[in-house]
Amino acid sequence: MQPFFAQRFAKVEPSFIREILKVAVNPEVISFAGGLPNPDFFPSEELEVATAKVLRNKGNGALQYAATEGFGPLREYIAERYRTQHGLQVSPDNILITNGSQQALDLIGKVLVDEGSDLIIEEPGYLGAIQALSVYQPNFRGVSLNDDGPDLAELDALLAEPNHARLMYGVTNFQNPSGLSYSLEKRRAVAERLIRHNVLMVEDNPYGELRFEGEHLPPIAKLAPENVVLLGSFSKVVVPSFRLGWMVVPDWLRQKITIAKQASDLHTNGFVQQVLYSYLQDNSLDAHIDRIRTVYGQQKKAMEQALLRHCPGLDFTRPEGGMFLWLKLPQHLSAMDLFNLAIKENVAFVPGRPFYVRPDILNTARFSYSGADAATIEEGISRLGRVIQQVL
Ligand SMILES: Cc1ncc(COP(=O)(O)O)c(C=O)c1O
């Protein structure tokens with residue numbers, strides 16, 4: 001057979017992070033590359049109870065095909081949580097359960113992205129979004145992410161173009177990869193521009209509940225509900241293996257997104273949705289999240305202090321939640337070169353280049369603190385400090 005592929009797949013790259021992770025699996029390596037949720041917090045015993053309960057109480061009924069939109073009680077739980085946690089009025093009808101929030105990105109691409117159309121994305125931006133949306137061949141337009149959110153002058157310049165983007169993607173809380181969040185002022189400014197320029201924002205928020213410092217801020221979806229698709233996920237607050245996420249879809253888009261979901265996979269695993277719902281009924285998600293974010297806060301502090309001690313003068317972000325921080329090396333240093341040296345000292349991170357759609361920035365790197373305890377972080381960063389001394 002002579003291999004052949006669809007045109008649209010020609011430019012889709014394998015995930016650079018997965019390639020890096022292959023190098024980092026060696027048990028000698030202290031890896032800050034992965035960015036996985038800490039498995040110590042996976043509630044396996046509670047999920048075992050929930051699984052047995054669903055099978056016992058519902059029998060074969062738990063194993064049948066189910067609604068495309070998702071398990072009704074789970075959608076109601078999510079809507080109720082938005083109301084109590086964020087004062088956000090969301091109807092369960094507007095919630096579509098997806099196979100992780102990653103699937104939501106694919107559905108958005110299917111329904112809303114024409115080949116060659118402009119699509120605004122933060123730089124650095126979430127690699128999984130770049131990958132998922134690339135399949136639909138948009139023309140990515142980067143907007144620099146400043147410490148308090150997207151650079152408004154750059155955003156305004158893009159929105160002043162005659163056929164400007166109708167779609168924008170951003171992570172408003174503790175972004176992957178940078179750890180940065182939008183300030184309240186930036187949220188308001190972006191919401192105002194979405195409405196004025198008739199742009200739809202995909203507001204991806206898998207980390208928002210993992211705040212360990214500061215005050216919760218309203219999602220942009222609260223400020224411009226018709227102009228935002230809000231994404232959420234249970235991956236970082238319960239378990240990633242269930243692949244359970246959701247999207248909050250404005251009325252005008254609901255039917256088309258539901259059809260796209262139906263065409264993709266009919267529905268998300270119904271049994272797993274019921275198990276998760278049963279777990280949420282019997283356990284306090286708030287108490288569980290409190291435990292996770294307390295530990296992530298301690299790990300972030302350990303990494304911050306180790307960086308100050310072992311890599312003095314280096315610039316890095318100070319996230320108030322989530323799992324990542326972002327390092328800026330001096331301009332003349334390449335993070336990829338540093339990675340190649342660091343891996344010889346058995347320490348790994350992710351060089352920043354693939355997170356840019358204008359790939360001319362070489363001196364940044366992503367570090368995840370979610371998976372390592374304070375002593376491991378101290379040892380890993382001290383190794384990094386020694387490597388940096390060699391190249392400065
Ligand atoms: C910003 C962002 N969006 C989406 C995802 C995908 O998450 P899920 O497991 O819900 O598909 C991730 C996972 O790391 C992420 O960092």
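Straight Cα distances below 17 angstrom link Lys344 to the lysines Lys22, with same-chain residues fewer than 8 positions distant left out. Sorted on the mean count of surrounding Cβ atoms within 10 Å across their residues, most packed first, peptides 258-264, 108-114, 365-371, 157-163 read 365-371, 108-114, 258-264, 157-163. Quick one: net charge around Asn283, please, counting Lys, Arg +1 and Asp, Glu -1 for every other residue with C-beta under 13 Å from its C-beta. Here the charged neighbours net out to -4.
Return the equivalent ellipsoid semi-axes of the chain as a descending list in whole Å, where each equals the square root of 5 times an eigenvalue of the C-alpha gyration tensor. Could the numbers behind the result be given before it?
On the way: eigenvalues 212, 145, 89 Å².
So the equivalent ellipsoid measures 33, 27, 21 Å along its semi-axes.
How much of the DSSP bridge set in the chain is antiparallel, in percent, rounded to the nearest 5? Let's see the in-between values first.
On the way: 21 of 40 bridges.
If we restrict to bridges inside the chain, about 50 percent are antiparallel.
Given the peptides 144-154, 217-227, arrange them by the average over their residues of other C-beta atoms within 10 Å, most packed first. Show your work: numbers first, answer last.
Values: 144-154: 17.3, 217-227: 20.2.
Averaged packing, sorted descending, gives the order 217-227, 144-154.
Other residues within the sphere of radius under 13 Å centred on the Cβ of Met323, judged by their own Cβ, net out at +3 (K and R +1, D and E -1).
Separation of region 316-350 and region 106-130, taken as the distance between their Cα centroids, equals 26 angstrom.
Output the DSSP H helices from the chain with an along-axis C-alpha extent of no less than 15 Å and a mean Kyte-Doolittle hydropathy no less than 0.0. Mind dumping the intermediate values first?
Working: long enough: 44-58 (21 Å, -0.55); 72-86 (21 Å, -1.49); 100-112 (19 Å, 0.45); 184-197 (20 Å, -0.87); 251-265 (22 Å, -0.82); 270-282 (18 Å, 0.08); 285-310 (37 Å, -0.74); 374-391 (26 Å, 0.22).
Sorted by number, the helices that extend far enough and score high enough are 100-112, 270-282, 374-391.
Taking Lys and Arg as +1 and Asp and Glu as -1, the other residues whose beta-carbon sits under 15 Å from that of Pro39 total -2.
What's the FRET efficiency of Arg83 with Asp40 using the Cβ-Cβ distance as r and R₀ = 25 Å, to the nearest 0.05? List each step's numbers first, then the result.
Values: r = 31 Å, r/R0 = 1.23.
Once rounded, the FRET efficiency stands at 0.25.
How would you rank 339-352, 171-184, 52-65, highest first, on the average number of other Cβ atoms within 10 Å across their residues?
On the way: 339-352: 19.9, 171-184: 24.4, 52-65: 12.6.
The packing order, highest mean first, is 171-184, 339-352, 52-65.
The label point for Arg196 and the one for Asp265, both projected 7 Å from the Cα toward the Cβ, are 3.9 nm apart.
Need one number for region 62-282: average projected area of the convex hull over its C-alpha atoms, nm². Provide the component values of the computation, followed by the final result.
Details: hull surface 46.3 nm².
Directional mean of the projected Cα hull area for region 62-282 stands at 11.6 nm².
To make sure I understand the rule: partners must be lysines, Cα under 29 Å from the Cα of Lys256, and not fewer than 8 residues away in the same chain. Which ones qualify? Within the straight-line cut-off, Lys256 pairs with Lys11, Lys110, Lys222, Lys236.
Read-outs: derived from the displayed coordinates by stated rules, not from any lab. Quantities reported herein were computed from a predicted structural model and do not represent experimental measurements. Backbone-built Cβ (ideal geometry, glycine too); neighbour counts: all protein chains shown.
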